[in-house]
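> Please find one structure pasted underneath; my questions will follow.
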Amino acid sequence: MVNANIKITNTYDFILKVVLSMDKENKLEFEELLRKILEAVMESGFPEKLKNEVLKELEEIRSFALDSRAPRIAIVGRRGSGKSSLINAIFDDYKAETGDVKAQTGRGKWHLYESELGKLEILDTRGLGESDKPEEDIDATTPLEELKTSVINKCPDVILFLSKAKEVGARIDEDIAQVKEIISIIKQIHNYDVPIVGVVTQVDELNPKKEEPPFTSALKLRNIQEAVNELSRKLDGVTQFGVNVIPTAAYKMYDEDTKEVIEETIWNIDILLNYLIEELPNDAKLQLAKLSKVKSVQKKLARKYGKRFAALCGGVGSTPIPVADLPVITGLQSTMIILIAAISGRKINKESVIEFLSALGLNIGFGFALRQVARQLAKLIPIAGSAVSGAVASAGTLALCESCITYFIDNLGVEQAKKSYDTEFNKEK
């Protein structure tokens, strides 16, 4: 028991060190935190099935947080389908020129958006099937050749196929055939089954035109659904995995000098971003959630991981081995706090994390371990005690997740974070 207590204390001390060093990105410290949790799991005496579950989750967490990279999204569609406008809406910034009359985008170009929150790469292509010469110079003679060159050099994570709402019934068989060829090239060169997402753009132009989002009139919704159904029908069979179609509006008018938004109609961009995060590889999810600045997108991803952490902590907490689960649960919960803070896009620093934990009455040192004593005592009751212990660990982790969302994503302060924790814990337990 003495050795176990030393190991627990050392683990808590290390977690405290990680939190106290979070004035800048500290990937090495975070990697070491995961390694410490791994060691605690391997030496815990847990059943092999539980060990494997925790180890599998830790590997995915590592990929999500430490191998995080810029998502790569290819946007294809005919001239006027709203590619550049959609790029600006996803960036929530002025990044791509829009052309009202002539084809604006020349060579297949990977646009890199970079800020303190991360990076995002979007392949903006010439409109498929267009005949006019674009404003920008081109390296290849056809849009298809440009697109082929771009995807050979860099593999997209996902392809967005855009069609203007008023023109979704137009002949796009040639465009679809070309996209199929691109899918085949990506599979051949990169051995990757790239997902396709259909996007009906400019739904604000459907009747009644004067209606502003959120669209509620029966006529507007019916016209939007008809456009979605038509594009879904045409994209059926493009890929063996099926194609989801999402209607959007991404109109923004910018001041020519300042590039400030002076008028906008934005609708369903958050739905599109949520779906993209589901489709993206694990190592590309984090940066899109941060860059989007859309709270609903960030909350969904945070709750997804919160539920996974809660399931792990519940399983670990239900093991009939007093004390051994403490460093594992504390390590997992600490990791969850850091991840949700990262998803929010806020700068993670020691002051904010310590303030957050103090508001909940928690400490990342031995005091946090003492707070778990009641749960450990429940294990002294055969069978039922372990179940109660696991349920409390799971409920506490879910409550901690909601409190993190309130504090880091909603930015509502420590008092509201405490209320969120208490409310969620009382509900879950």
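The values are calculated or read from the model by the stated rules, or taken from the named source; none is laboratory data. Quantities reported herein were computed from a predicted structural model and do not represent experimental measurements. Positions of Cβ are backbone-derived with ideal geometry, glycine not excepted, and every protein chain shown enters the neighbour counts. When the accessible area is computed, the model is the full protein with side chains, heavy atoms only, and any ligands, DNA or RNA have been set aside. Shrake-Rupley method; radii C 1.70, N 1.55, O 1.52, S 1.80 Å.
> Just list whichever of Lys209/Lys304; Lys154/Lys209; Lys259/Lys295 have alpha carbons separated by over 28 Å in the model shown.
Numbers: Lys209/Lys304 37 Å; Lys154/Lys209 39 Å; Lys259/Lys295 24 Å.
In this structure, Lys209/Lys304; Lys154/Lys209 lie more than 28 Å apart at Cα.
> Taking the Kirkwood radius as the inverse of the mean 1/r across Cα pairs, report the Rg/Rh of the range 181-291.
Numbers: Rg = 16.9 Å, Rh = 16.3 Å.
Ratio of gyration radius to Kirkwood radius: 1.04.
> When DSSP assigns beta bridges and you keep just the ones with both residues in the range 163-321, what percent turn out antiparallel, to the nearest 5? Display every interim value, and only then the final one.
Numbers: 6 of 12 bridges.
Among the beta bridges of the range 163-321, antiparallel pairing accounts for roughly 50 percent.
> Right, something else. Can you sort Phe241, Phe30 by 1.4 Å-probe accessible area, starting with the largest?
Working: Phe241 130, Phe30 20 Å².
Result, largest first: Phe241, Phe30.
> Let me ask something else about it. With a cap of 12 neighbouring Cβ atoms within 10 Å, and only residues DSSP puts in a loop, list the trypsin sites (Lys or Arg not before Pro) found in the range 193-298. Intermediate values should be presented prior to the final figure.
Working: sites: Lys209, Lys210, Lys220, Arg222, Arg233, Lys234, Lys252, Lys259, Lys285, Lys290, Lys293, Lys295; in loops: Lys209, Lys210, Lys259, Lys293.
Of the trypsin sites (Lys or Arg not before Pro), the ones in loops of the range 193-298 whose Cβ has at most 12 other Cβ atoms within 10 Å are Lys209, Lys210, Lys259.
> Further question on the same structure: Less than 13 Å Cβ to Cβ from Asp255, Lys/Arg counted +1 and Asp/Glu -1: what total charge do the surrounding residues give? Display every interim value, and only then the final one.
Details: positive: Lys252, Lys259; negative: Glu256, Asp257, Glu260, Glu263, Glu264.
Cβ neighbours under 13 Å give a net charge of -3.
> Show Glu167, Glu121, Glu39, Glu116 ordered by accessible area, largest first, where the area counts protein heavy atoms only and the probe is 1.4 Å. Write down the numbers at each step before the final one.
Values: Glu167 90, Glu121 30, Glu39 65, Glu116 175 Å².
The ordering from most to least exposed comes out as Glu116, Glu167, Glu39, Glu121.
> Something else about it: What figure, in Å² to the nearest 10, do you get for the accessible area of Glu279 with a 1.4 Å probe and non-protein molecules left out?
60 Å²
> Also: Suppose we keep just the alpha-carbon trace of the range 240-301; what are its Rg and Dmax in angstrom?
Cα radius of gyration and Dmax of the range 240-301 are 14.3, 46 Å respectively.
> Turning to a different aspect of this structure: At 1.4 Å probe size, with no ligands or nucleic acids counted, give the accessible surface of Ile269 in Å², nearest ten.
10 Å²
> Express the C-alpha Rg of the range 182-226 as a ratio against the empirical globular expectation 2.2 N^0.38 Å, rounded to two decimals.
Values: Rg = 17.3 Å, N = 45, 2.2 N^0.38 = 9.3 Å.
Normalised Cα radius of gyration, the range 182-226: 1.85.
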